[in-house]
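Accompanying notes for the structure given below.
No value in this document is a laboratory result; all are computed from the given coordinates. Note that the coordinates shown come from a computational prediction; the quantities given were computed from them, not determined experimentally. Here the Cβ is made from the backbone with ideal geometry for all residues, glycine too, and neighbour counts use every protein chain on show.
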């Protein structure tokens, strides 16, 4: 079982990527990058890795909110 918490967004030219933190009962929290059409772009153990991936996917000129 996990609780989800949206922790930020990265806006690119064509898509917005949402960083979602999954608090899991056992083990480390997971951070997921979810595109605006609900496509999961990856799961990461660190928040920094999730933001890095979102910025890479969003392309140049991306910004956070």
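Key figures
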| read-out | value |
| --- | --- |
| Residue check for residue 54: exposed (fewer than 11 other Cβ atoms within 10 Å of the Cβ) and within 11 Å of the chain's Cα centre (by Cα) | no |
| Count of residues meeting criterion [closer than 16 Å to residue 51 by Cβ and either surrounded by fewer than 17 Cβ atoms within 10 Å (Cβ to Cβ) or over 13 Å from the mean Cα position of the chain (by Cα) (or both)] in the range 13-22 | 2 |
| Residues of the range 23-41 satisfying the condition of being surrounded by fewer than 15 Cβ atoms within 10 Å (Cβ to Cβ) and part of a strand (DSSP E or B) | 23, 24, 40 |
